[in-house]
Amino acid sequence: MQKNYYCPSGGLPDRQMLTTCRAIFTENYMVMPASVMTDIVTSNLPFWEKSRFWILARPLSGFSETFSQYIAEIKTGGGSSIPEIDKDAESAIFVVDGMIDIILDGTVHTLGKGGFAYIPPRIGWQIKNSSGYLARFHWIRKTYEAIEGLGLPDPIFTVDEDVIPISMPGHEDSWLVTRFMDIADLRHDMNIAIVTFMPGGAIPFMETHVMEHGLYILQGKGVYKLNNEWVEVEKGDFIWLRAFCPQACYAGGPEPFRYLLYKDINRHARLWKH
């Protein structure tokens with residue numbers, strides 16, 4: 001299977017383009033199409049050099065509650081010696097273009113296209129682009145929910161090609177999940193995976209569950225049923241799904257439909273005092 005990893009390149013749309021597009025924001029879900037990820041919506045962050053970020057999701061009332069997700073772009077020689085300023089934040093990084101170095105406890109881990117890293121909270125790390133070309137990657141951040149009696153998860157460095165996809169029961173060879181983290185390890189409170197639907201593959205029922213989702217379409221195109229609406233999506237689009245938002249999908253087109261998936265797992269529902 002040919003694996004492609006779409007990433008935005010910025011710029012601005014041609015002024016002859018129509019203003020309308022597929023962008024949708026509701027109380028249950030959001031669709032951010034690739035066409036809106038332009039130069040003017042990027043952000044700079046403290047202690048990062050020669051870098052910019054598309055912020056796809058952040059904790060916000062009526063929106064993401066458990067995570068933030070960025071697409072980062074680092075020029076040659078750029079990066080950060082203090083990439084994370086929140087000591088309780090855990091990070092997952094997935095490279096979609098170029099090459100980056102992550103320095104953890106003095107060891108350099110070089111990740112190319114398809115490379116994945118999990119970095120636990122309360123640990124110092126650095127990141128840089130030592131190559132001669134641009135690097136782009138997804139950066140998913142979450143406040144780690146520590147549990148007394150459970151230690152912190154171990155760091156993970158791997159690559160898409162080295163992780164064997166799991167076939168969903170009854171959907172062998174049409175619905176596959178590449179899990180970068182062991183969801184049976186209860187130290188983990190989030191799961192990052194690549195979900196793949198081969199042409200004709202589908203989620204054949206309306207999933208309705210407590211987990212919040214972030215989905216970035218890496219390859220291909222498909223149709224998602226979100227709450228009561230059908231929405232066409234393609235490579236470069238980002239979807240946020242609120243907890244309990246009903247969802248289903250099917251692949252469209254001649255190539256695999258693949259997306260990078262975030263969801264929160266393995267923790268009690270929080271109880272607030274009023």
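A few remarks follow.
- Restricting attention to segment 186-274, lysine pairs at least eight places apart or on different chains and with alpha-carbon atoms under 24 angstrom apart total 5.
- Candidate values [x] 38; [y] 21; [z] 14 were compared with percent of Cα pairs over 35 Å apart computed on the shown model; the agreeing label is [z].
- Check: segment 1-53 dipole with +1 on Lys, Arg Cβ and -1 on Asp, Glu Cβ, in debye: 140 debye
- Linear extension gain, A243 paired with V108, 0.36 nm per residue minus alpha-carbon span: 44.9 nm
- The distance separating the Cα centre of segment 29-49 from that of segment 109-174 comes to 21 Å.
- A 1.4 Å probe run over the chain, with the rest of the protein chains in place, finds 49 Å² accessible per residue.
- Accessible-area composition of segment 1-100, carbon plus sulfur, in percent [1.4 Å probe]: 54 percent
- Cα lying deepest toward the dipole's positive end in segment 148-224, options H188, W175, G201, charges on Cβ: G201
- Simple point charges give the picture: +1 on the Cβ of Lys and Arg, -1 on the Cβ of Asp and Glu, and for the chain a dipole about the Cα centre of about 540 debye.
- Extension gain for the segment R58 to I166, taken as residue separation times 0.36 nm less the Cα-Cα distance, is 35.9 nm to one decimal.
- Accessible-area order (highest first, 1.4 angstrom probe) of the listed residues L241, L12, L18: L18, L12, L241
- Placing +1 on the Cβ of every Lys and Arg and -1 on the Cβ of every Asp and Glu, with no other charges, gives segment 3-159 a dipole of roughly 540 debye about its Cα centre.
- Between N228 and L45, the simple spin-label model (points 7 angstrom out along Cα→Cβ) gives 3.9 nm.
- Calculated FRET efficiency, R187 to V210, Cβ-Cβ distance, R0 = 30 Å: about 0.95 to the nearest 0.05.
The values are calculated or read from the model by the stated rules, or taken from the named source; none is laboratory data. Just so it is clear, the structure is predicted and the values come from calculations on it, not from any experiment. All Cβ positions, even for glycine, are placed from backbone atoms using ideal geometry, and neighbour counts span all protein chains on display. For the accessible areas, the whole protein counts, side chains as well, though only heavy atoms, and no ligand, DNA or RNA atoms are used. Shrake-Rupley method; radii C 1.70, N 1.55, O 1.52, S 1.80 Å.
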